[in-house]
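What follows is a short report on a single structure.
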Amino acid sequence: MGSCLQGTVLDQAMWTLAHSAAEAKAMGFWAWHVDTLGWSIVLGIIFCFCFYRIAKDATTATPGKWANFLEWVFELVDKCVKESFHAKSNVVAPLALTVFCWVFLMNLMDLVPVDWLPKAAALISGDPHIFFKVVPTTDPNATFALSISVFVLIIFYSIKSKGIGGFIGELTLHPFESKNIIGKILLVLPNLLLEGVALLAKPISLALRLFGNLYAGELIFILIAMLGYWQLPAHFIWAVFHILIIILQAFIFMMLTIVYLSMATEHH
């Protein structure tokens, strides 16, 4: 189902844009958040372009400031992967670098004044009430998309490393064990419940931690914007503190991704 500009629900499914919360709700589960998708794609392109240009211009001579900065980021991610991931993989390090930089850029959009880009979108679209989300990580759809992608990789590496039998065995034969075959059968269900909850908690915790911290930060920026003349100093103070949150949340998401993938490759 879709919704039209007047807020009424259409009788036939079609592509259209929601202009209110009620219209977005009427679209249901399959509604696409075009603002979140758009900014995520743009920031991903910026990340790829910047790294490509700096890598292309790299020489054996003294590197510039940006090259030094990217070298430091590479060394940081490489050190984290070597210390936390104990298997061999050509994917984990590039994945960790992508996760850290992409999440950082999405979080960084929270430092843009909350009304600038939404007002520009309203002016361009001609709709003064358009809902325009600028920070992708304040949308749970984006954070869950990231965490579900990591979850799929966890399942993939678990099966690749231990086989389907080993993966199922980890879910059904731990933490309670028995040497008796009947005892093992009886313990399958409680083990599956405990290990299943622990497995499903990984993507949920990844998504909600990132979303909760950034969404709360955005709400504080909105509240500060309501202070009138006092908003500028308050905005500056909170922005300086929020820089730490932006970097920390990107780093935590990257580290948990590495740790979860490392756990998936370990044999018990």
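What are the residues in region 174-196 that are in contact with a helix residue (DSSP H, G or I) (Cβ under 7 Å, 6 or more places away or on another chain) and modelled with pLDDT of 90 or more, if any? Of everything in region 174-196, those that are in contact with a helix residue (DSSP H, G or I) (Cβ under 7 Å, 6 or more places away or on another chain) and modelled with pLDDT of 90 or more turn out to be VAL188, ASN191, LEU192, GLU195, GLY196. Taken together, the criteria place PHE132 among residues that are modelled with pLDDT under 95 and hydrophobic (A, V, I, L, M, F, W, C). Within region 134-179, the set of residues being of a type in the set (D, E, K, R) and touching a His at 6+ places or on another chain (Cβ under 9 Å) comprises ASP139, LYS162, GLU170.
The residue list PHE236, PHE253 contains one member that is assigned to a helix (DSSP H, G or I) and free of Cβ contacts under 8 Å to residues at least 40 places away in the same chain, which is PHE236.
The values are calculated or read from the model by the stated rules, or taken from the named source; none is laboratory data. In this text the structure is predicted, and so the values were computed from the model without any measurement. We place every Cβ from the backbone using ideal geometry, glycine too, and count neighbours over all the protein chains shown.
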